[in-house]
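These notes are about the structure you will find just below.
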Amino acid sequence: MPIRPTEDPAIRAMDGINLFHYSQSNCAMRIRIALEEKGLAWKSHYINLDTQDNLSDDYFNIHPHGLVPSLVHDGEIVYESSDILRYLEEKYPEPSLIPKDPTHRAEMEEWLDLTRDLHVKVIKVWVYGKERYRSKTKESMEAYSKKQPNQELIDFHNMTLQEGHIPQDKIDAAEKKLHALFARIDRNLENQDWIVGDTMTLADIAWIPNYTLLKFNEFPFEQYPNAQRWINHFIARPSYKEGVDKWFDYVPA
Ligand SMILES: N[C@@H](CCC(=O)N[C@@H](CS)C(=O)NCC(=O)O)C(=O)O
């Protein structure tokens, strides 16, 4: 679990649950939903990705790759949204968001790993590719590459700056993978209400924000009726309203 050691006195002095997040980040949404499901109070540290607040040296002191979300809990830094979910579960086990059955538990872990491993390769490639979106410029890339130790991120942003943006075959491959993943979710939901069984788990909390992001780019969820039922069920929950909907209206100070 990536707990990042720090001696920084300002970070060590942060009490309670401090979440560094951005309104529309799917990765941050999953933490806000989990905090709501567990009924935990938390302090908001808004990192505005529109103005690239995540690239400040201060923020790199917290998150080694300058990404949201990150958590500082009683002076300990935790990053990577799937690991923050696991961390919160360990610290605050009630109400439980992990299945009792060991096979289901293993499957839940796989869904958490998948969302981490596929975030750049599949989700970002598809979303940025569809929109031909760039969050970095040729000029800002030089400074970014110097402070970013994660080569996958450097390569990804450089690819968006190429003349043709992300090559179409990469976007198509990402789309195919997304279909395979949502087809699998759909099959799981044929005879059960949640992705890995009859109770909500961290797998559902990790994957519902991927729906939120993909629907903005018109991913055809109507092809997956069981998944659509799960989506409708989830987005009606107070945790989704508080953790996702509410933040779409957020205006940074
Ligand atoms: N695997 C990481 C991915 C985090 C991530 O990529 N966050 C995005 C927002 S969803 C971000 O901070 N982007 C800013 C940037 O790329 O500079 C996690 O799940 O925490």
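Just so you know, all these numbers are worked out from the coordinates, no wet-lab data involved. Just so we're clear, the structure is a prediction, and the values are computed from it rather than from any experiment. Heads up, the Cβs are rebuilt from the backbone with ideal geometry, glycines too, and the neighbour counts pull from every protein chain shown.
Need one number: nm distance between label points at E131 and E190, each 7 Å from Cα along Cα→Cβ, rounded to one decimal. Result: 3.5 nm between the two label points. For K130, the aspartates and glutamates whose Cα falls under 17 Å of its own Cα, not counting residues fewer than eight places away in the same chain, are E163, D169, D172, E175, E218. Distance between the modelled labels on S56 and S140, one decimal in nanometres: 1.5 nm (7 Å Cα→Cβ projection).
Per-residue ellipticity at 222 nm from helix content only, as computed over the chain with -39500 (n - 2.57) for each DSSP H run of at least four residues, stands at -15000 deg cm²/dmol. Sorted fewest first by neighbouring Cβ atoms within 10 angstrom, L161, L178 come out as L161, L178. Separation of the stretch 36-102 and the stretch 149-192, taken as the distance between their Cα centroids, equals 24 angstrom. Would you mind classifying the stretch 175-253 by shape? Square roots of the alpha carbon gyration tensor eigenvalues, ordered a ≥ b ≥ c; an a/c under 1.5 is rounded, otherwise it is prolate if a/b is larger than b/c and oblate if not. Here the stretch 175-253 falls in the oblate category.
Note on K91: lysines with a C-alpha under 20 Å away, same-chain residues under 8 apart excluded, are K38, K43, K100.
Which order results if E36, E90, E175 are arranged by neighbouring Cβ count within 10 Å, fewest first? Walk me through the intermediate numbers first.
On the way: E36 20, E90 10, E175 17.
Result, fewest neighbours first: E90, E175, E36.
Under the classification rounded if a/c is under 1.5, otherwise prolate if a/b is larger than b/c and oblate if not, where does the chain fall, given a ≥ b ≥ c as square roots of the Cα gyration tensor eigenvalues? Because a/c hits 1.5 or more and a/b fails to exceed b/c, the chain counts as oblate. Placing unit charges on each Cβ (+1 for Lys and Arg, -1 for Asp and Glu) gives the chain a dipole about its Cα centre, and among S56, S135, S145 the Cα reaching farthest toward its positive end belongs to S135. Computed from point charges on the beta carbon alone (+1 for Lys and Arg, -1 for Asp and Glu), the dipole magnitude for the chain about its Cα centre is near 400 Debye.
Bridges between two residues of the stretch 1-134, per DSSP, are antiparallel at a rate of about 70%.
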